[in-house]
1. How much accessible area per residue does chain A have, in Å², with a 1.4 Å probe?
2. Name the residues of the stretch B:232-263 whose amide N is less than 16 Å from a point 7 angstrom out from the Cα of B:LYS315 along the C-beta direction?
3. Apply the membrane-span-like helix rule to chain A: whole DSSP H runs, Cα extent along the own long axis of at least 24 Å, mean Kyte-Doolittle hydropathy at least -1.0. List the helices found.
4. If you take the beta carbon distance between A:LEU198 and B:TRP98 as r and set R0 to 56 Å, what does 1/(1 + (r/R0)^6) give as a FRET efficiency, to the nearest 0.05?
5. How big is the charge dipole of chain A about its Cα centre, in debye rounded to the nearest 20, if each Lys and Arg gets +1 on its Cβ and each Asp and Glu gets -1 on its Cβ?
6. Hey, any idea what % of the stretch A:6-271's accessible area is carbon plus sulfur with a 1.4 Å probe?
7. Taking 0.36 nm per intervening residue step and subtracting the Cα-Cα distance, what contour gain separates B:GLU32 from B:GLU167 on full extension?
8. Can you list the chymotrypsin sites (Phe, Trp or Tyr not before Pro) in the stretch A:273-336 that are in a DSSP coil and have 15 or fewer other beta carbons within 10 angstrom?
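The values are calculated or read from the model by the stated rules, or taken from the named source; none is laboratory data. Here the structure is a predicted model, which is why all the values come from computation and not from measurement. Here the Cβ positions follow ideal geometry from the backbone for every residue, glycine too, while neighbour counts run over all protein chains shown. Ligands, DNA and RNA are stripped out before the accessible areas are found, and what is left, the full protein with its side chains, is counted by its heavy atoms. Shrake-Rupley method; radii C 1.70, N 1.55, O 1.52, S 1.80 Å.
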Amino acid sequence: MPSALKYELVARCSTTKARAATLTLPHGPVSLPLFMPVATQASLKGLTPQQLEETGCRLCLNNTYHLGLKPGQDVLEKVGGAHNLQGWKYNILTDSGGFQMVSLLKLANITEEGVRFLSPHDGSPMLLTPEHSIALQNTIGSDIIMQLDDVLVTTSPDAKRMKEAMERSVRWLDRCIAAHANPARQNLFCIIQGGLDLELRKTCCIEMVARNTPGIAIGGLSGGEAKSDYCKVVNTCTSLLPEMKPRYVMGIGYPEDLVVSVALGADMFDCVWPTRTARFGNAITRCGVLNLRHSRYANDFRPVEEGCECVCCRQGEGGLGVTRAFVHHLAAKETVGAHLLTMHNVHYQLSLMRSVREAIIEDRFPAFLRQFFRDRYDGDKTSYPDWAVEALKTVGVDLMEN
Amino acid sequence: MEQKKNFMVLGSADPNIIGPRMGRLRFEGKDEIETPNFLALTSRGAVPHMTPDVIASNTNIRGIHMALEDSISLADLTYGPLPGSKRISKMADRTEEWLSDLLKSRCQAIFAPVLPLDFDSQSEYINRLADDLADEIAGLAFYDSNLLPDMPATTSLSRLPRLSLDEPASPHHIIRQVSLGMDIFTIPFLGFATDAGIALTFRFPRPLPGDTDIPIDNGTAVVPLGVDMWMPTHATSLLPLSQSCSCYTCTSHHRAYIQHLLSAKEMLGWVLLQIHNHHILSSFFCSIRSSLKDGTFYSDAEDFAKIYESELPEKSGKGPRVRGYQYRSEGPGEEKKNEAAWGNLGPDDLVEGGLVPDENAEELEEKGFAERLS
């Protein structure tokens, strides 16, 4: 199928499976590996598009489910799509809308046609199909669109249902490809399913890679499975995916998960956690998460994170030099406190991925990983998470080594 | 302890003249503020909705007003506390005492309050201000602008900048206070309008040529002071909030986006309105100063009164989430002040923060979200 992106490999880690690349999308280039902040309803939680641009973000998410309800397809069409709606000059990725339906609507029921649910207001039966999802995403005009998939929680014990979901996702991919009206302007990504069953995942990879979509996502994860199982799935899939296509693992955002997943060969990630946790007064830093609502920060006049280059922490020209005490004073009281931490947290995630990329390009990623875990756990190797140590061993990095 | 002169009345400073005036206010190490002008109101030391970088790059805010009870840190401007005593005769005495204490310990510019009492009840205090303390204080803060004409006609007081804490309810009240000689304003209706989803659109003294959507029918039709952005009619409007406006919101976004953000209860909606509304007020005061300079203020003020509606539009939509300090707790078992944005379908134990569409099946189908099965 046609593609509206260009994937250029810049460097490969000589030890792990990590890659650095430049991905050129319809609204400009982005550097991989990449974290994508989530602007669910066409706005990133209180930040102006100008502020989001200043964090360095060039690709953010919108949710199809939410935009389909508000402002709705009709308005999106009249306004000329999501870029015009939110005044965002750069790239947008949208999900299919199916995930929210299935995980959040109790009466949703999946059939071969699509997701059936009862309208919560009048009880009428409704149907969301792959064709609906693609039509909506075509109207939204996002640079990357996702197929409608049959998502099950990975921890589901029903192996038969898991296989059915994987196979149905492949069939729905075919329907999505057929329904896609703008393949030259929007990139459709398939979504690998199959739960924690590595054989199912392998079959799904083979089937979906054969469909030749511009990019590939690994879905159904981040749903409460053991981290070691998660790593096995990612590792298995990336080994079967084509080298010259971007690989997106959906719903991942904790800093440890990001750096380990990059080592396992993944390129793109999204998660609401950094922005959501900001609204609860939590700052993500190199040394872990600070809960700035705690009274110990009431008289702490250091920046949120020392040495951080974000607008919020930076001192001097263009920086605000915001102190922990100020955020503490505002947290959960004035939205400005949330906005400040949102800026900081988004900047943290993006800058983490920038340093990951630099380390890959300079072929010192294993050393980067060791430093990352040292900072995060204050040099205490006994508190390193087992799953991360194990996963990194499979790609040739021993965190315990001196 | 002589207070360095931080305010200059431009033009006539004749204490016997009660009327509008222009001036320049300066605090050490800070930019000059031309008056009449306004200070942005803060809550807990922050201008609601706007981070400091947004204020710096997208507004002309020259100063902020912090109420002492909000914060232990002091702003450039400090004024004496408002006494809580019910005994009016005590109020003036106590304020005088507090003010003297504050002056002894101060390191900042201090504005002395003029109490919301009739002049006679506080004449002793005011006279003491005029005779003994005027050199030490940096300005006067009025809780009631109607007391301005009663102030003793001495140069010692008339050279001081006047801060209004009189909460004008509309731009008409601002103009009235300017005409009495008020210099600096705090404007609570600005924040109320933002929270109510109202984009202010008034200009002084009349709409600008670009504001074509505002009907002027031979000067008989009254022009609204603002636009209610909750109205669904804006849902597909690609117009800016105000066509003549050069603020960030109006140059980068359109009504459809603001309407969407309000109806989706996204915080950015109020951020963008706050940027715009502050810009409108800055321009309003800028035009008032030009009008004073040109000597056309009285006729311009008359025009404004004729052209514009007397009150701001009614609030139709809901404001942002209510914050804890904005209401008094009623104790255990009180109802939640903020409705959950989304509800669960089915029992509560299912998922946290479930998402249920507000729309019925027909609307969902119309939105292209899904189809109805007969």
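1. 35 Å²
2. Under cut-off, by backbone N: B:262-263.
3. Answer set is A:159-179, A:335-361.
4. With R0 = 56 Å, the Cβ-Cβ based efficiency is 0.15.
5. 300 debye
6. On the stretch A:6-271, the fraction of accessible area on carbon and sulfur atoms equals 53 percent.
7. Contour length minus the Cα-Cα distance gives 46.2 nm.
8. Taking the stretch A:273-336 and a limit of 15 other Cβ atoms within 10 Å, the loop chymotrypsin sites (Phe, Trp or Tyr not before Pro) found are A:PHE280, A:PHE301.
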